[in-house]
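K.L.:
The structure follows.
The values are calculated or read from the model by the stated rules, or taken from the named source; none is laboratory data. Model, not experiment: these values are computed from the prediction. Here the Cβ positions follow ideal geometry from the backbone for every residue, glycine too, while neighbour counts run over all protein chains shown. The accessibility values were calculated without ligands, DNA or RNA, using every heavy atom of the protein model including side chains. Shrake-Rupley method; radii C 1.70, N 1.55, O 1.52, S 1.80 Å.
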Amino acid sequence: MYADRPVPASLLKHQSLHGEGLSGALHTREFERIVTTIGFAQPRVLAITQVDVYDPQLKELVGDIKYYSITYRLFKVRESAESAGYVTYLGTIAGHEDKYVLDVDNTFEKGVRVSVSGSTGSVLSDSWLAPFFNIEKSGSPQDKAADISSAETLMKATTSCSANVCR
């Protein structure tokens, strides 16, 4: 459970909020800071859904805080100069023979060559995914997070996203 802002200290020990998982929700920025601090690349959102609070008493307590269920993919990659490139999914991951969904922004169809940013190229070439892709690095630098939507951006735009479909 994640929140669109830090949960106030006054709510952290509230029994009902704790029981519902609301008082312990991490602010998405804090989660992203933690994982990058311990060596992961920028987290990739695989799915995000707004979690509504219906109980009137709890709703009054949390005020304007919005809560989300977010599935992230995390990758540790080498710290090296990233460069843009092209990748082709080989269709060899069991259960994903036709396409592979990396995150809400990147779905790779089998046999289709696509341009990717340096950060996505690094994730695909420096992780367990490498054997499942043909990777061509272009050598030209590109914005590090050009093809990654942050959870914060997705929270502002929609109530639910998965596999390149946002509602």
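K.L.:
With the crude spin-label approximation of a point 7 Å out along Cα→Cβ, what separation in nm comes out for residue 57 versus residue 16?
P.N.:
Each label point is offset 7 Å from its Cα along the Cβ direction, giving 0.3 nm.
K.L.:
Keeping all protein chains in the complex and leaving out DNA, RNA and ligands, what accessible area do you get for residue 135 with a 1.4 Å probe, in Å² to the nearest 10?
P.N.:
50
K.L.:
Let me ask another. Counting other C-beta atoms within 10 Å, and keeping those with at most 13, which DSSP coil chymotrypsin sites (Phe, Trp or Tyr not before Pro) do you find in region 1-97? Working shown, then result.
P.N.:
Working: sites: 2, 31, 40, 54, 67, 68, 72, 75, 86, 89; in loops: 40, 54, 75.
Of the chymotrypsin sites (Phe, Trp or Tyr not before Pro), the ones in loops of region 1-97 whose Cβ has at most 13 other Cβ atoms within 10 Å are 54.
K.L.:
Roughly how many Å² of residue 18 are accessible to a 1.4 Å probe, to the nearest 10?
P.N.:
So the heavy atoms of residue 18 present about 130 Å² to solvent.
K.L.:
Can you sort 108, 132 by 1.4 Å-probe accessible area, starting with the largest? Write down the numbers at each step before the final one.
P.N.:
Working: 108 5, 132 45 Å².
Sorted descending by solvent-accessible area, the residues read 132, 108.
K.L.:
For residue 113, tell me the accessible area in Å² from a 1.4 Å probe, rounded to the nearest 10.
P.N.:
Here the residue's solvent-accessible area equals roughly 130 Å².
K.L.:
Report the relative contact order of region 1-144, percent, no decimals, based on alpha-carbon pairs under 8 angstrom and at least 6 residues apart. Present the calculation step by step, with values, prior to reporting the outcome.
P.N.:
Numbers: 262 pairs, mean separation 32.6, N = 144.
Averaging sequence separation for qualifying contacts and normalising by length gives 23 percent for region 1-144.
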